[in-house]
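**Student:** Quick one: the structure is below, and I'll ask about it shortly.
The values are calculated or read from the model by the stated rules, or taken from the named source; none is laboratory data. Please read all numbers here as calculations on a predicted model, not as lab measurements. Neighbour counts are summed over all protein chains in view; Cβ atoms, including those assigned to glycine, are modelled from backbone coordinates with ideal geometry.
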C-alpha cells in the first residue's frame, strides 16, 4: 500500500513554512508601518519599505533569527483588529491628555511599574511597541515580569489604562 506524499512529507515542511510565513508577515507589517510613518508614497519611501519587507526573510535565511511563531497567530484577524483599534484609541486618548497636560502646565511625570502577564517574546515586543507609540509614555525596562514605563502624565490608578485588555489580546494572539 502506497503512502501519500502529503501525509508523509507535510510534517517535515510545516515548521519551515511557518517560519517563512512569519517572516513574510513581519516584513509586510514593517513595510506598512514604514510607509504609514512617512504618510506619503514616493520612490525612496517605497524602496525603504521593500528593504524592510525583505529584512526578516534575509535574517531568517542567514540564520540570524529564529521565527518559530505559530501559524495560528497570523490567522486571528479578530484579535489583531481589536489590538490595533485599542492601540489607536489609546493613542487618541493620550494625545488629548498629553496636550492638555502641556498646555495647562500640569505635567506630573512618573515611572509606573506594570506587571507583564504575556509570555511570548513577540507578544512582549508588541506590548512594548504599543506603549512606546502612545504619546506621553515610553517603555524603559522589561525585567522579568515587570515593565517600567515613564509617563509624562501619571495615571490616576496604579495601572496604565488599557494594559489589561492589551495583554489579554496579545495573549490570545501569541499564547
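Let's see how each residue does on (1) modelled with pLDDT under 90; (2) surrounded by fewer than 16 Cβ atoms within 10 Å (Cβ to Cβ):
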residue	(1), (2)
44	no, yes
52	yes, no
67	yes, no
70	yes, yes
74	yes, no
77	yes, yes
84	no, yes
92	no, yes
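**Student:** Identify, please: which residue in the stretch 124-139 is in contact (Cβ under 8 Å) with a residue 24 or more places away in the chain and either out of contact with any strand residue (DSSP E or B) (no Cβ under 7 Å at 6 or more places or on another chain) or in a strand (DSSP E or B) (or both) and is, among those, nearest to residue 25 (Cα to Cα)?
**Tutor:** 126
**Student:** Turning to a different aspect of this structure: Of the numbered conditions (1) within 22 Å of residue 26 (Cα to Cα); (2) modelled with pLDDT of 90 or more, residue 121 fails exactly one; give the number of that condition.
**Tutor:** (2)
**Student:** Would you say residue 142 is in contact (Cβ under 8 Å) with a residue 40 or more places away in the chain and closer than 23 Å to residue 69 by Cα?
**Tutor:** No: the conditions fail for residue 142.
**Student:** Continuing with the same structure: Could you list, in sequence order, the residues of the stretch 162-175 that are out of contact with any helix residue (DSSP H, G or I) (no Cβ under 7 Å at 6 or more places or on another chain) and surrounded by fewer than 18 Cβ atoms within 10 Å (Cβ to Cβ)?
**Tutor:** Selection gives 164, 168, 175.
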